[in-house]
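Step one of this worksheet: look at the structure below.
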Amino acid sequence: MLRLDNIRVDNGGFFLDADLGVEPGASVAVIGPSGAGKSTLLGAIAGFHPVVRGRILWGGTDITHDTPGQRPVAMLFQDGNLFPHLTVSQNVGLGIRPDLRLNVAEEDRVRDALLRVGLRTLGERKPAALSGGQQSRAALARVLVQKRPLLLLDEPFAALGPALKAEMLDLVAALAREAKATLLMVSHDPNDARRIAEQVILVAEGRAEEPAPTEELLDNP
Ligand code: ADP
Ligand code: ADP
C-alpha cells in the first residue's frame, strides 16, 4: 500500500498537501484543473520534490527521503523522451542502466519488454523510424523493463489521437494488471479515467483528495 501521511510537498514555492492511501494493485486516475498540482503529486512520490511535512510510506516502509532510484517507482512522462541517436532497444535498456552496460539477463529483459508492447522486431531501429504510436510503446517498454511495483504516468499519451490513445491505455492497464503493479495516471480527460481507473484522486488548488470510486466521481456531476 502507498500511504501519503499528511504530506506537504514543495515544488519551487508551490505547495501541495495530501493525506491519502492507494491500495496495492489499484488503478487510479489523478484528475483536476491545469496548475492544480497533479504533476507535483506524482513528482513527490517519485522523489523529485522535497516533502517538508509528513511521510510517504510504501508497504509500511518510510521512503520520504529515498533518492528517486531507491524508490519502487517507474515514471512515464508526457513526451516519452526517447533519445534519437540510440536504437529502440538501447532506449529501453536505459531504463535498467544509464551506462547501457547490460548483462545477458538484462538484455533478455529488454527483449521481453519490447515483445510485451508489440515491438519485438523493431528494436534495432532509431525512434525516428517508428510511428507516433510505436514511439509511445517504446517509452512504455522503458518503464516496464524496470519492473517496479508502482507505475506513475504523467499524461502519457496526450500527443496521440483518440483511437491510438485508447489502445495504449488498454495496453497499460493490461500490463499493469499482469505485473500486479499499482498504477497512478494523471489525465485532463475524464474518459481516460473511465477507461482504465477504478478510482480517482481529485486535485484542486494544491490539495489531493483520498481516492474515490470513478463512477461516483465522474458519472454523477
Ligand atoms: P501540465 O498542466 O500539463 O501538468 P504544466 O504546464 O503545469 O503542465 O507544466 C509543464 C512543465 O513545466 C512541468 O515540468 C512543470 O514542472 C513545469 N512548470 C510549470 N509551471 C512552472 C513554473 N511556474 N516554473 C517552473 N516550471 C514550471
Ligand atoms: P498540474 O499537473 O495539475 O497542471 P503542476 O503540479 O504541474 O500542476 O503545477 C502546480 C503549480 O506549480 C502550478 O501553479 C505550476 O505553475 C507550479 N509549478 C510547477 N512546476 C514548478 C516549478 N518547477 N517551479 C515553480 N513552480 C512550479
(request) For the stretch 11-23, just list the computed ³J(HN,Hα) in residue order, Karplus coefficients 6.51, -1.76 and 1.60, θ = phi - 60°, integers in Hz, with x standing in for Gly and Pro. (result) 10, x, x, 8, 10, 10, 10, 8, 9, 7, x, 10, 5
(request) Rounded to whole Å and ordered largest first, report the semi-axes of the equivalent ellipsoid of the chain derived from its Cα gyration tensor (root of 5λ). (result) 29, 20, 15
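Over the chain, give the accessible area per residue in Å² for a 1.4 Å probe, as an integer.
The answer is 48 Å² per residue.
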(request) Would you please classify the overall shape of the stretch 172-221 from the alpha carbon gyration tensor, given that a ≥ b ≥ c denote the square roots of the eigenvalues, rounded means a/c under 1.5, and beyond that prolate means a/b larger than b/c while oblate covers the rest? (result) prolate
(request) State, in angstrom, two size descriptors of the stretch 86-150 derived from its alpha carbons: Rg to one decimal place and Dmax to the nearest whole number. (result) 10.6, 31
(request) State the Cα centre-to-centre distance between the stretch 134-205 and the stretch 21-92 in whole Å. (result) 13
(message) Per residue of the stretch 103-109, what does 6.51 cos²θ - 1.76 cosθ + 1.60 with θ = phi - 60° give for ³J(HN,Hα)? Whole Hz please, x for Gly and Pro, Karplus curve as stated.
(response) 7, 4, 5, 6, 4, 5, 4
(request) Specify the angular offset, from 0 to 90 degrees and rounded to the nearest 10, of the alpha carbon long axis of helix 132-144 from the longest principal axis of the alpha carbons in the chain. (result) 70
(message) Under the rule of at least 5 residues apart or a separate chain, name every residue whose amide H is placed under 5 Å from the amide H of L76.
(response) L152, L153, D154
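Within the accessible area of the stretch 98-221, what % is carbon and sulfur when the probe is 1.4 Å and the other protein chains stay in place?
Of all accessible area on the stretch 98-221, carbon and sulfur atoms account for 50 percent.
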(request) Go through V51, F83, N103 and say which Cα lies farthest out towards the positive end of the charge dipole of the chain; charges sit on Cβ, +1 for Lys and Arg, -1 for Asp and Glu. (result) N103
(message) Students often forget the sequence filter, so: which lysines lie under 26 Å Cα-Cα from K180 once same-chain residues fewer than 8 apart are removed?
(response) K38, K147, K165
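The values are calculated or read from the model by the stated rules, or taken from the named source; none is laboratory data. Keep in mind that what you see is a predicted model, and the values were worked out from it rather than measured. With ideal geometry, Cβ positions are generated from the backbone for all residues, glycine too; neighbour counts draw on all protein chains shown. SASA here: full protein model, heavy atoms, side chains in, ligands and nucleic acids out. Shrake-Rupley method; radii C 1.70, N 1.55, O 1.52, S 1.80 Å.
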